[in-house]
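The values are calculated or read from the model by the stated rules, or taken from the named source; none is laboratory data. Keep in mind that this is a model prediction, so the values were computed, not measured. Here the Cβ positions follow ideal geometry from the backbone for every residue, glycine too, while neighbour counts run over all protein chains shown. In case anyone asks, the SASA skips ligands and DNA or RNA and just uses the protein heavy atoms, side chains included. Shrake-Rupley method; radii C 1.70, N 1.55, O 1.52, S 1.80 Å.
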Amino acid sequence: MTADLLDPEARRDLRGLPKDLADIVARHLVAVGELVDDDPEQALAHARFARHRASRVAIVREASGLAAYHAGEWAEALSELRASRRMGGDGHLPVMADAERALGRPERAIELSRSPEARDLDTEDAVELLIVVSGARRDLGENDAAVVGLQVPELDAARDDPWVPRLFYAYAEALQAAGRTDDAVRAFLEAARTDVEGETDAEERAIMLGVGDDADAAGPSENGDTPSGLAGSSG
């Protein structure tokens with residue numbers, strides 16, 4: 001874990017620190033990125049150390065928030081990502097919304113989707129936020145709204161964007177919650193067809209739902225509901 005492995009833009013954010021401290025913090029941020037998928041608890045330990053040494057650096061608070069999210073520390077994730085936003089860094093709005101949902105506050109997840117920052121998201125993050133908000137609508141029993149919220153131009157199986165399988169997966173879950181079983185099966189099959197990396201269990205869900213043996217729709221941070229994070233989706 002050497003400092004030069006850190007993304008150059010992140011390295012620039014550390015320039016206000018003394019060089020020796022910047023190198024130490026950089027190494028711990030590299031460790032966060034390397035460990036966050038396979039060992040989120042250890043990644044969070046590195047992030048907390050970096051935060052202890054450089055709490056006024058936005059990229060450090062951002063990394064801490066994402067590490068906390070992957071480790072299931074929802075309240076800590078929100079606190080850190082809010083700090084990152086205040087410092088002018090990335091607050092990762094879809095991640096914040098999913099953390100609110102995981103804390104049992106779906107209304108706050110929906111509120112975040114109406115914030116000014118939500119209008120400025122790129123397509124990928126905007127889609128991830130739509131997925132989380134659809135899940136929040138399901139949490140509130142607003143199943144028809146959960147379906148309608150995902151009927152967007154990006155819901156197109158002809159696209160090869162990496163978020164397409166997750167979008168179809170979330171759409172299938174919304175359809176299932178709304179009692180539209182046949183449509184849900186078709187949507188799960190579309191998710192499976194577009195999921196060339198095999199990141200979801202969409203094919204299995206389609207089969208189980210087709211024979212009437214599928215469980216209730218997944219909750220926060222499951223398969224299609226999970227936003228992409230520090231090193232890819234955790235779903």
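With respect to (1) surrounded by fewer than 22 Cβ atoms within 10 Å (Cβ to Cβ); (2) within 21 Å of W74 (Cα to Cα), the lone exception for D7 is condition (2). Within segment 143-160, residues that are under 17 Å from R193 (Cβ atoms) reach partners that are in a loop (DSSP other than H, G, I, E, B) and of a type in the set (D, E, K, R) with beta carbons closer than 9 Å, at six or more positions or on different chains, in the pairs E154/D161.
Return the total of residues in segment 132-142 being within 13 Å of L175 (Cα to Cα) and in contact (Cβ under 8 Å) with a residue 24 or more places away in the chain. Total satisfying the criteria: 4. Within segment 174-189, the residues that satisfy the criterion of being within 19 Å of R138 (Cβ to Cβ), touching a helix residue (DSSP H, G or I) at 6+ places or on another chain (Cβ under 6 Å) and assigned to a helix (DSSP H, G or I) are A174, L175, Q176, A177, D183, A184, V185, A187, F188.
State whether the residues of segment 37-51 include one that is buried (at least 18 other Cβ atoms within 10 Å of the Cβ) and not in a helix (DSSP H, G or I). No - not one qualifying residue is present in segment 37-51.
Count of segment 90-121 residues, restricted to those that are open to solvent by 30 Å² or more (accessible area, probe 1.4 Å) and under 14 Å from the mean Cα position of the chain (by Cα), is 5. The single condition from (1) at pLDDT 95 or above; (2) buried (at least 18 other Cβ atoms within 10 Å of the Cβ) that D13 fails is (1).
Can you tell me which residues in segment 52-82 are open to solvent by less than 60 Å² (accessible area, probe 1.4 Å) and either of a type in the set (D, E, K, R) or closer than 17 Å to L17 by Cβ (or both)? If the condition is that a residue be open to solvent by less than 60 Å² (accessible area, probe 1.4 Å) and either of a type in the set (D, E, K, R) or closer than 17 Å to L17 by Cβ (or both), then A54, S55, V57, A58, I59, V60, R61, E62, A63, S64, E76, E80 are the ones that fit. Among the residues here, P153 does not qualify as open to solvent by 70 Å² or more (accessible area, probe 1.4 Å) and either of a type in the set (A, V, I, L, M) or under 14 Å from the mean Cα position of the chain (by Cα) (or both).
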